[in-house]
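The values are calculated or read from the model by the stated rules, or taken from the named source; none is laboratory data. Note that the structure is predicted; figures quoted are calculated from it, not measured. Here Cβ is always computed from backbone atoms with ideal geometry, including for glycine, and neighbour counts include all displayed protein chains. The protein model used for the area step is the full one, side chains on, heavy atoms only, and it has no ligands, DNA or RNA in it. Shrake-Rupley method; radii C 1.70, N 1.55, O 1.52, S 1.80 Å.
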Amino acid sequence: MKDQWVSLFHNHSLNEIKKEAASRFDGLGIYPDSVFQKNGTFFFMARHNGQKTLVLFGPGECFGAFEGEEQGPFKICGLTHDHCERMRTLFEFMNPVAIGGQKFSIGLGDRLGLATSGHIRAIAGRPVFPVLAQQSMRELGMTGRTYDDVLDDVSWAVFQEGYVNGFGADADHLKEKKQVEMALKRDYSMITLDCSDYIENQYFSMQPHELREGFEQIPAAKKQALRECYLSAGHPVDADTSIRFSEQEIYKCALVYGRALNFIEDVFHKVIARHKRAVDFEISIDETTIPTSGAAHFFIASELKRRAVEVRSVAPRFCGEFQKGIDYIGDVGVFEQEFIVHAKIAAYFGHRISVHSGSDKFAIFPAVSKHTGQRVHVKTAGTSWLEAVRLIAAKNPDLYRRMHRFALAHLDEAKQYYHISADPEKTAPLDSVSDGSLPAFMNEDNARQILHITYGLILQAKSPDHQPLFRDEIYTLLNKYESEYADALYKHIGRHLHALAVTK
Ligand code: ZN
């Protein structure tokens with residue numbers, strides 16, 4: 001193989017090398033879109049002895065700056081964190097950036113670190129800004145990865161695909177200031193601040209007199225200001241819609257969100273605003289049981305504006321249910337009516353709506369797209385894992401069967417972290433399904449959810465002698481069928497974008 005590389009790189013231009021690599025991938029193992037030239041050195045990614053590697057060729061000062069195994073004129077380098085950092089200084093496009101003025105953006109979480117190539121192919125040619133790295137603290141714990149791992153995997157895939165149009169990295173659902181500092185130190189470009197620990201839901205269910213008593217505890221000047229600001233008249237957000245507050249609603253908003261607002265203000269002014277680069281700052285109030293009213297959304301946005309907090313997106317809690325990996329549960333018509341108000345409020349304040357748990361929510365995508373004029377962010381993640389599971393079912397029925405059984409056995413454990421309505425009794429008994437029909441489990445909501453929420457347990461499962469039960473086999477299979485996995489994601493994320501009318 002090396003000899004072929006030698007003649008390829010000695011006698012051809014960059015374009016010829018790319019063309020040749022594309023037509024002979026099986027022979028050369030060179031990812032065609034990954035061939036770049038910088039300061040006299042060629043860089044490319046290749047499959048070498050079954051491993052994905054970075055390869056350098058040519059003189060240039062860079063050659064000496066990477067550690068690796070020299071083979072003739074080539075240097076074979078590992079995809080280490082250290083090398084990734086060096087590559088990011090050489091190739092600007094490997095670094096995440098804030099979304100800026102982009103209209104539509106999509107979060108493409110990837111639990112395994114293998115999905116980005118498919119994600120990039122799905123968004124190619126469409127007017128969309130991809131947030132290719134997106135991981136919550138909870139997901140890090142469940143997958144045994146770090147924020148560096150997540151971003152490195154994305155950066156390497158971006159290089160492999162030769163994707164130079166910019167991507168974001170979302171440190172999702174952070175709940176503490178020090179987590180925000182940590183994520184920014186690791187160059188994440190988007191911070192999603194989860195305020196649920198500070199939202200005082202108990203006030204939602206209180207009696208009017210209890211709310212009044214609670215409100216009376218607020219300092220007099222502040223009470224006065226709140227009354228003057230919100231009670232006086234309606235607040236028009238466009239020609240037809242005005243947000244009005246009753247006395248009770250002001251009490252409720254002030255009491256439920258008061259501490260959360262202080263928390264957001266503190267994180268923004270002490271950390272986000274002081275950061276050296278632009279950050280997409282998202283406020284998440286979606287992890288509560290009560291849907292966010294238009295008044296509450298308006299109140300939060302207005303209070304944040306008053307406190308000079310710049311928010312790029314807000315994730316309200318919508319009506320209905322956004323369960324993992326399946327379509328929207330609820331009345332689509334009611335959702336649409338409420339969504340229209342949220343969209344107008346967002347447009348009025350200049351932030352975007354962020355739709356969380358957006359995997360497979362095909363029923364509501366048309367409304368989401370239409371009423372925001374595509375100024376909206378949609379987050380997906382689990383659905384890319386389920387496409388991996390589907391591929392595993394097709395390629396290694398035995399592995400799939402073991403995962404399926406394990407998932408059923410550990411479902412109650414997983415339910416502590418995720419709310420789902422799946423009923424294992426409603427899935428076909430595993431033993432009754434032929435090997436060829438196993439992938440069809442991923443067309444069925446109960447099985448989808450069962451395999452979805454147990455991903456962490458599956459990835460972390462160990463045998464009594466501490467060997468991974470599934471992890472290594474999963475990675476080996478998905479690496480082997482890399483292009484099939486990318487194809488599946490291209491189609492499935494493509495369906496999402498199509499339903500959101502983000503077309504080529
Ligand atoms: Zn969320």
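A few comments on the model shown:
- Cα gyration tensor, the chain - rounded (a/c under 1.5), prolate or oblate: prolate
- Placed amide H near Cys195: partners under 5 Å, 5+ positions off or other chain: Ser284
- Derived scalar couplings between HN and Hα for region 377-394 equal 10, 10, 9, 10, 7, x, 5, 6, 5, 5, 5, 5, 4, 4, 5, 4, 4, 6 Hz in order, rounded to whole Hz, by the Karplus curve 6.51 cos²θ - 1.76 cosθ + 1.60 (θ = phi - 60°), x for Gly and Pro.
- Helix-only [θ]222 nm of the chain, DSSP H runs n ≥ 4, -39500 (n - 2.57) each, per residue, nearest 500: -13500 deg cm²/dmol
- Gap separating the Cα centres of region 422-465 and region 1-49, nearest whole Å: 40 Å
- Karplus-derived 3J(HN,Hα), 6.51/-1.76/1.60, for each residue of region 405-412, Hz, glycine and proline x: 4, 4, 4, 4, 5, 10, 4, 4
- Extension gain (nm, one decimal) between Glu425 and Phe362, 0.36 nm per residue minus Cα-Cα: 20.1 nm
- Gain in span if fully extended, Asn39 to His275, counting 0.36 nm per residue against the direct Cα distance: 81.9 nm
- Whether region 2-78 is rounded, prolate or oblate, judged on the alpha carbon gyration tensor where a/c under 1.5 counts as rounded: oblate
- Normalised per residue, the accessible area of region 347-412 is 30 Å², obtained with a 1.4 Å probe and no contribution from ligands, DNA or RNA.
- Under the shape rule built on the C-alpha gyration tensor, where the axes satisfy a ≥ b ≥ c, region 383-494 is rounded, since a/c falls short of 1.5.
- Shown is the FRET efficiency for Asp398 and Lys177, computed with R0 = 45 Å from the Cβ-Cβ distance and rounded to the nearest 0.05: 0.45.
- The share of accessible area on region 2-78 that comes from carbon and sulfur is 46 percent, using a 1.4 angstrom probe.
- Between Gln248 and Glu336, the FRET efficiency estimated from the beta carbon spacing at R0 = 22 angstrom works out to 0.25.
- Accessible solvent surface per residue of region 2-78, calculated while the other protein chains remain in place, 1.4 angstrom probe, Å²: 49 Å²
- Lys/Arg +1, Asp/Glu -1 at C-beta; the chain dipole; positive extreme among Pro366, Tyr455, Gln416: Pro366
- Helix 482-499 and the longest principal axis of the C-alpha atoms of the chain enclose an angle of approximately 30°.
- Label separation (Ser463 vs Glu210): 5.5 nm, computed from points 7 Å beyond Cα along the C-beta direction.
- Helix 2-11 vs. the chain, principal-axis angle (Cα, 0 to 90°, nearest 10): 80 degrees
- Amide H contacts for Val355 (H built 1.01 Å from N in the peptide plane; partners 5 or more residues away or on another chain; cut-off under 5 Å): His377, Val378, Lys379.
- Residues whose amide H lies under 5 Å from that of Gln71, counting only those 5 or more places away or on a different chain, are Ile76; hydrogens are built 1.01 Å from N in the peptide plane.
- The angle between the Cα long axis of helix 220-230 and the main principal axis of the chain comes to about 80°, on a 0 to 90 degree scale.
- Gain on full extension, evaluated as 0.36 nm per residue between Arg138 and Arg307 minus their Cα-Cα distance, stands at 57.9 nm.
- Protein accessible area in region 383-494, 1.4 Å probe - carbon and sulfur %: 50 percent
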